[in-house]
1. Just to be sure I understand: if I project the alpha-carbon convex hull of the chain onto a plane and average over all orientations, what area do I get in nm²?
2. Could you calculate the contour length gain from Q213 to N374, that is, 0.36 nm times the residue separation minus the distance between their Cα atoms, to one decimal place in nm?
3. Work out, step by step, the length gained on full extension between H6 and K117: first 0.36 nm times the residue separation, then minus their alpha carbon distance; give nm to one decimal.
4. Please give the FRET efficiency for D338 paired with R273, using the beta carbon to beta carbon distance and R0 = 35 Å, rounded to the nearest 0.05.
5. Using DSSP to call loops (not H, G, I, E or B), can you name the chymotrypsin sites (Phe, Trp or Tyr not before Pro) in region 80-129 whose Cβ has at most 15 other Cβ atoms within 10 angstrom?
6. What does the charge dipole of region 205-370 about its Cα centre add up to, to the nearest 20 debye, if the Cβ of each Lys and Arg holds +1 and the Cβ of each Asp and Glu holds -1?
7. Taking the Cβ-Cβ separation of E386 and D283 as r and a Förster radius of 22 Å, what is the calculated FRET efficiency to the nearest 0.05?
8. Which length gain, in nm to one decimal place, applies between R183 and T70 when the Cα-Cα distance is subtracted from 0.36 nm times their residue separation?
Amino acid sequence: MKNQKHVDVICFGGEDWWYKNRGHIDMQLMRRFARMGTTVYVNSIVMQKPTLQKNTGGGKSFTHKFMRKTRSILTGLKKSDAGFWVYSPFTLPVHHIAWARGANEIVLRRQIGRIAKKLSLDNPIVWVACPAACDTALKMRKGHLVYQRTDRFEEYPNTDGDTIRSYDRRLKTSADLTIFVNRMLYDEEADQCRKALYLDHGVDYELFSTAGQDPYKPDDMAGIPKPIVGFFGAIDDHTSDIALVEEVVDLLPDLSFVFVGNASADISGLQSRKNVWFLGQKDYQQIPHYGKYFDVATMPWRKSRWIQACNPIKLKEYLALGKPIVSTPFAELERYRDVVYEAKTAREFADCIRRALKEDNEKRTIARRRRVENASWENKARLVSEALFENDELIPLKVT
């Protein structure tokens, strides 16, 4: 048996490890790469323009975001239970100000340099999931540069689209490997990259597929009458079609609608409905124990360029749970039309929920799980590793 390769990674993540759902692709892959060497997950760099307005890209109030970011920064460098180090750098939200970007980059690069020196990371893979890290990532000493093009961040609310597009172009032409999870986006942009890989998203298959074998039921799910139409994840203005959901809820007054996750969108109208429950954000390990009680799982997305380039991880998590799914259309859904009900209007959405409840059976549950049983994060990490080290004689990743 050949020896496992030692690899160190510094990942500029797209989210904050301490406060976000930990199912995101960069977090999941870093769990696997942490088995190969020392891995540092750098919490997301502020990319949005400062504003006192709420509901901008999933944000809470300015004060809430400021306090949360401050707590994250003050945590310092800390080893997580996932096996990698986590660090929140201090940066300013000035990517839209040309003269200030240079100073901001120097401050960030010095912080990361100190962390690399402390952990003896001489030639790490530099992984960029947040385009705002572009300048620092390009200037760092590294073995490989990986760019994770999983969303159109230039379409993210309250950002300088031109600046983010320039980061994106430079990263694609500089990275040793650019990873895509949306086939449409891959087809459009692969020729802009030095080397491109369509990876798709993975799923923590064992966690979700086995949840139903555990009789545990969360206390806040008790007493909610069935059938339950559910959604887990963030409820944000730039992703969720709240008006559509309100209409669907009104069309199905005999069903219970349960939402698990933080809501930055205005949900006051939904909260006024008697058949709607908002349970708030839950620990990632708890999510399957909420989802297993859904009778139908939903993805009520807006129609936008952001959504067209997305590939929600919850799609595979719902499938691993074996649940029937009703979703509004988006490009990546085309490959799953045999196991997902697609609806363009509120009336169609409500009709599909009724059909899903009527048609669901054990055979369909098994078929849904089979669609994602080989899409584990271990397999996704191996594909990335093989693409990076295709000429290396050593086995790049040991899957356990």
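Please treat every number below as a calculation from the coordinates, not as lab data. Here the structure is a predicted model, which means the values were calculated and not measured. So basically every Cβ, Gly included, is an ideal-geometry build from the backbone, and we count neighbours across all protein chains shown.
1. Working: hull surface 78.6 nm².
Across all orientations, the chain yields a mean hull projection of 19.6 nm².
2. Values: separation 161, 0.36 × 161 = 57.96 nm, distance 2.00 nm.
Between Q213 and N374, full extension yields 56.0 nm more.
3. Details: separation 111, 0.36 × 111 = 39.96 nm, distance 1.76 nm.
The H6-K117 span can extend by a further 38.2 nm.
4. Values: r = 32 Å, r/R0 = 0.92.
The calculated FRET efficiency here is 0.60.
5. Values: sites: F84, W85, Y87, F90, W99, W127; in loops: F84, F90.
Here the chymotrypsin sites (Phe, Trp or Tyr not before Pro) that fit, given the DSSP loop and packing criteria, are F90.
6. Numbers: 24 positive and 24 negative charges, 99 e Å.
Here region 205-370 has a charge dipole of around 480 debye.
7. Details: r = 32 Å, r/R0 = 1.47.
Efficiency computed from Cβ-Cβ geometry: 0.10.
8. Details: separation 113, 0.36 × 113 = 40.68 nm, distance 3.70 nm.
Extra length from R183 to T70 when fully extended: 37.0 nm.
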